[in-house]
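What follows is a single structure, written as C-alpha cells, with notes after it.
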Amino acid sequence: MHNTATLTVVLALAGPAVAQPKAASLSAQEIADGWLMLFDGESTFGWKVDGAAEVKDGTLILGKGKKTVAYPTSGFGTAYEYTLEAAGVGTVVSPRGHANFNAPPDGEWATVRYTQDGNFASLSATGGGPSQSQAGPPSARPELKSAPFLIETDGTTPVMLRAAKLKPGGTVSLFNGKNLTGWTVNAADPKRAASKFDVTSTGELAVKNGPGDLKSDKAFANFVFQTECKSNGKWLNSGVFFRCVPDQYQNGYEAQIQNGYLGDRTKPIDFGTGAIYRRVPARKVVSNDNEWFTLTVLADGAHVATWVNGYQTVDWTDERKADPNPRNGLRTAAGHLSIQGHDPTTDLQFRRIRVADLGEGRKQD
C-alpha cells in the first residue's frame, strides 16, 4: 500500500530564469548506481500533462498561459530519492510532508532534493531563501498514489524544469556473483535447454548458447528490476522475462535485449533493447554491443516502463482485458523473472542483478 501525505515546495522567482540550461544526462557512475532520468531534455515522454507544456533548449516549460498539473507516469512505491532543478512560480508536491521555499530572483534555479523510505521522508531545497518543512496530512490527490511528485502552476508565470532524476530504493540483490543460488534452470521444455549459465571468475553471470532459460526462485508482481548487461557480439538477442506463468517456458512479458538498429537509433531491429517484445518497441536504441549498459524494468499494475542507461525507452499501459496468460491479455499476478538464452549465437553477461518489490502496486483502473 502507498502511504501518502503532502510535501509542498513553492518556487517564487521575480522573473523568468535566464541561466543556460544543463543538458539532461547522467554520469557513468549514476547510471551504474541505477539513477533514471525523469525528463529526457527532449520531450514529455513519460509524463502526464493536464494543461500546457513545451520543451525548449533542454527545458520543460509548464503552464505557459494555462493552469497546468504535470507528473511522471511511473510510480516507484515508497522508497526512492529524486532531485530536480526548477524555476518560475508554482508548486512541487511529493507524497509526504510539506515545505515552503522562496527561490531567489535574477533568473537563478532552485534545486530540490527529496528522499522517501517508507513512512520517512526528507526534503531540502537550495539556491535561495530560507526553507521550512514539516509533516503534513495524508494527500487526497490520487496522482500521488503512484507518481513521485507533481508540479502545478496557476498559468500566470510558468514553471521551468530541468535535470530531473530519480533513484529507486529498497532494492535487494538477486545474484551473489559466486553461484546460481536463487536461480533455477527452466526445464519445462527439454527441447529448449541448450543454454549454459555459468558464473565467471570475476563474478558475472555468463549466458551462452540457446535456447534456454534461467528463472528466479522468487516471484514478483509489481517491482523495479535493474541489471547491468553486456552483449559480446553484434546484434545478439536475449531478454528478461517477468510475471511468467509458473511451470511454463518463457510465458511472460519480455523486456527485450537487442542492440541493433537500421539507419538511426529510432529504428530498432526486432523491437530493440528496452522494448516490451511484441507489445511496444523501444523508442530509441541507447545501448551498444560489447559495452556494459544498465537495464531497468518497472512493472506496476497495468503500467510498464523501461529505461536503458537511465534513458526511458518504454512508457506503456497494457489495456488488454485481464487474462492469466500474458500472451492473451493483461497479467498482473506474480511470476518469476527469467533470463533468456535465445539461440546458438547467444553470448551475454549480467551483473548487479537487483529488484525492489513494490508489493500491491497501483490498482487496475
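The values are calculated or read from the model by the stated rules, or taken from the named source; none is laboratory data. Nothing here was measured: the structure is a model prediction, and the numbers come from that model. For neighbour counting, all protein chains shown are included, and Cβ atoms are generated from backbone atoms with ideal geometry for every residue, glycine included.
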**Report entry** strands (runs of 3 or more DSSP E) wholly inside region 140-193 that include at least 2 residues being under 18 Å from Ala86 (Cβ atoms)
**Finding:** 150-153, 159-168
Query raised in the report: Taking the stated definitions as given, is Tyr261 aromatic (Phe, Trp, Tyr) and more than 20 Å from the chain's Cα centre (by Cα)?
Result: yes
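When you scan region 341-360, do you find a residue that is of a type in the set (Gly, Ala, Ser) and within 18 Å of the chain's Cα centre (by Cα), even just one?
The answer is yes; a qualifying residue exists.
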Query raised in the report: Restricting region 44-87 to residues that are part of a strand (DSSP E or B) and among the basic types (Lys, Arg), which is nearest to Trp109 (Cα to Cα)?
Result: Lys56
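Of all residues in region 105-125 being touching a strand residue (DSSP E or B) at 6+ places or on another chain (Cβ under 8 Å), assigned to a loop (DSSP other than H, G, I, E, B) and at pLDDT below 80, which is surrounded by the most Cβ atoms within 10 Å (Cβ to Cβ)?
Trp109
Rundown of residues vs (1) touching a Pro at 6+ places or on another chain (Cβ under 7 Å); (2) hydrophobic (A, V, I, L, M, F, W, C); (3) closer than 25 Å to Asp347 by Cα; (4) in contact (Cβ under 8 Å) with a residue 24 or more places away in the chain, yes/no style:
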residue: Trp292; (1), (2), (3), (4): no, yes, yes, yes
residue: Gly301; (1), (2), (3), (4): no, no, no, yes
residue: Asn309; (1), (2), (3), (4): no, no, yes, yes
residue: Thr313; (1), (2), (3), (4): no, no, yes, yes
residue: Gly329; (1), (2), (3), (4): no, no, no, no
Query raised in the report: Just checking, how many residues over region 52-78 are crowded, with 18+ Cβ neighbours inside 10 Å and not β-branched (Val, Ile, Thr)?
Result: 12
Query raised in the report: Could you say which residue among Cys244, Cys229 is buried (at least 23 other Cβ atoms within 10 Å of the Cβ), hydrophobic (A, V, I, L, M, F, W, C), in the same structural domain as Val297 (by TED's automatic domain parsing) and not in a strand (DSSP E or B)?
Result: Cys244
Report task. Please indicate, with yes or no, whether at least one residue in region 294-307 is of a type in the set (S, T, N, Q), over 21 Å from Leu144 (Cα atoms) and not in a loop (DSSP other than H, G, I, E, B). Result -> yes
Query raised in the report: Just one of Lys215, Lys234 is in contact (Cβ under 8 Å) with a residue 24 or more places away in the chain, part of a loop (DSSP other than H, G, I, E, B) and on the phi < 0 side of the Ramachandran plot; which is it?
Result: Lys234
Requested in this report: Specify the residue that is modelled with the lowest pLDDT; the eligible residues are those in region 25-38 that are in a loop (DSSP other than H, G, I, E, B) and surrounded by fewer than 21 Cβ atoms within 10 Å (Cβ to Cβ).
Outcome: Ser25
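To keep it simple, each residue is scored yes or no on (1) in the same structural domain as Val314 (by TED's automatic domain parsing); (2) at pLDDT below 95; (3) within 24 Å of Tyr311 (Cβ to Cβ).
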residue	(1), (2), (3)
Thr184	yes, no, no
Lys191	yes, yes, no
Ala194	yes, no, no
Pro211	yes, no, no
Ala221	yes, no, no
Ile257	yes, no, yes
